[in-house]
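Following: one structure in structure tokens, then a few remarks.
What follows is calculated from the coordinates using simple rules that are stated; it is not laboratory data. Here the structure is a predicted model, which is why all the values come from computation and not from measurement. Cβ sites come from the backbone with ideal geometry, for glycine too, and all protein chains shown count toward neighbours.
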Amino acid sequence: MFETISIEPLQAYWWIIISILGSLLVFLMFVQGGQTLIYTIGKTEPERKMLVNTLGRKWEFTFTTLVTFGGAFFAAFPLFYSTSFGGAYWVWMAILFPFIIQAVAYEFRSKPNNLLGHKVYEWFLIINGLLGTVLLGTAVATFFTGSSFLVNRSALTNLADPAISRWMDPAHGLEALLNWRNVALGFAVFFLSRVLGTLYFMNTIDHEEILLRCRKQLLINIIPFLVCFLSFLYAILIRPGFAVRPVEGVIYGEMNKYYHNLVQMPLVLMIFASGVVFVLLGVALPLVDMHKNGSSGFWYAGAGTFLTVFALFCMVGFNNTAYYPSVYDLQSSLTIHNSSSSLYTLTIMSYVSLLVPFVVAYVWYAWKAVNNKKIDEAEMEEGGHTY
């Protein structure tokens with residue numbers, strides 16, 4: 001049965017699934033961005049209760065998507081999982097820790113007589129919003145800039161030490177913070193999440209003072225986002241990228257590789273350009289008319305974020321490109337072809353993935369099923385907050 005199936009379409013199919021999950025994850029980080037604004041937008045205790053309560057309705061979606069993203073990567077591209085998660089473990093632990101304390105904060109912040117007091121839990125949320133976004137963006141940037149690892153498949157025959165991949169930097173992933181291009185994307189994700197969080201507040205809170213502060217925060221955060229994102233984009237487009245000769249599987253440096261990918265994949269270029277336009281439109285609409293367009297801006301910017309990130313994943317994974325390059329040993333770089341699961345595994349997983357539309361329908365139902373009524377100060381004074 002499986003002899004009649006080609007593995008290449010399945011590898012591309014699962015990279016698209018990974019790209020969708022990664023794009024959804026970045027969009028859902030509006031929760032993290034909103035958490036960093038608790039004290040900036042919320043000036044009184046009732047106002048902060050409103051902010052935390054509306055974020056608390058959605059925080060589990062981000063956590064669940066992060067876990068699903070990691071699980072899908074493990075199943076479809078196990079060599080990446082063993083190389084990155086097994087080698088760059090300090091940076092991944094640094095990413096996971098803020099998400100753990102976020103879960104603790106939403107669970108215990110509003111509990112009476114809690115151990116640490118609600119302000120400490122609010123700072124847990126702020127830490128999650130800062131570190132979770134910056135570190136995740138920094139880690140994803142290494143898909144373009146490269147990491148220091150060695151892959152030796154012949155090590156499987158060494159019973160004493162059968163590890164295929166080895167991380168060659170003692171910082172085990174934290175060295176990514178020393179590359180300004182990585183940090184630029186990290187802070188781009190941070191400021192974008194704050195923009196999305198601000199728009200989400202405008203979409204879900206009915207409070208004039210909060211809306212006015214949100215409008216101000218849009219201007220404050222969109223400018224550094226554009227500076228960081230455009231700096232990263234310019235840096236990767238004008239520098240050599242990591243190309244693959246499809247027949248031999250040889251990795252080599254190609255000048256302007258990611259620019260070539262955009263030009264040679266016009267559909268990806270269209271998706272990318274559309275995403276950028278939607279993000280800017282989502283910000284511009286509330287600035288023009290806060291009351292009329294305050295609710296719609298979130299969905300425009302959210303859709304734009306999804307499309308832009310999806311295009312970036314396609315740009316780094318397709319068109320004969322190494323999506324996880326090694327700067328230590330170029331030929332150890334990972335592509336969707338040399339790091340994927342077997343034909344049998346990908347085929348079975350593809351059958352299972354036919355259930356994805358039902359999962360998406362359930363997620364949409366769960367999103368809508370949660371109380372989506374706009375929060376106001378009267379509700380908080382009546383003790384309506386739960387987080």
Helix 208-238: angle to the longest alpha-carbon principal axis of the chain, degrees 0 to 90, nearest 10? 20
Take Leu330, project a point 7 Å from its Cα along the Cβ direction, then tell me which residues of segment 251-295 have their backbone nitrogen under 14 Å from it. 251-257
Taking the chain and counting helices only, DSSP H stretches of n ≥ 4 at -39,500 (n - 2.57) each over all residues, the nearest-500 ellipticity at 222 nm comes to -21500 deg cm²/dmol
Among Ala12, Ser23, Ala76 the positive-end extreme of the charge dipole of segment 1-92 (Cβ point charges): Ser23
Hey, got the dipole for segment 98-210? About the Cα centre, +1 on K and R Cβ, -1 on D and E Cβ, debye to the nearest 20? 280
Counting only DSSP beta bridges fully inside the chain, the antiparallel percentage to nearest 5 is 85
Spread of Cα-to-Cα distances over 10 Å intervals beginning at zero, given as percent, for segment 68-141: 19, 40, 25, 14, 3
Per 0.36 nm of contour for each residue apart, how much would the distance between Trp90 and Leu267 grow if the chain were fully extended, relative to their Cα-Cα spacing? 60.1 nm
When the distances between all Cα atoms of segment 1-119 are binned every 10 Å from zero, what whole-number percent does each bin get? 11, 32, 28, 17, 8, 3, 1
Span from the segment 45-96 Cα centroid across to the segment 291-369 one, whole angstrom: 14
What dipole magnitude, in Debye to the nearest 20, does the chain give about its Cα centre under +1 on Lys/Arg Cβ and -1 on Asp/Glu Cβ? 340
FRET efficiency, 1/(1 + (r/R0)^6) with R0 35 Å, evaluated for Glu208 and Val360 via beta carbons: 0.45
Can you give the FRET efficiency for Ser296 and Met255, using 1/(1 + (r/R0)^6), R0 = 30 Å, r = Cβ-Cβ distance, to the nearest 0.05? 0.10
Starting from the 7 Å offset along Cα-to-Cβ, what nm value, one decimal, do you get for the label separation of Leu115 and Trp367? 3.5
Rounded FRET efficiency, nearest 0.05, which uses the C-beta distance separating Ser353 from Lys374 and R0 of 35 Å: 0.45
Just to confirm a number: summing +1 for Lys and Arg and -1 for Asp and Glu over residues other than His118 whose beta-carbon lies under 13 angstrom from that of His118, what do you get? +2
Using alpha carbons only: equivalent-ellipsoid semi-axes of the chain, gyration tensor based, whole Å: 38, 23, 20
With the dipole of the chain worked out from charges on the C-beta (+1 for Lys and Arg, -1 for Asp and Glu) around the Cα centre, which of Ile336, Ala141, Asn256 lies farthest toward the positive end? Asn256
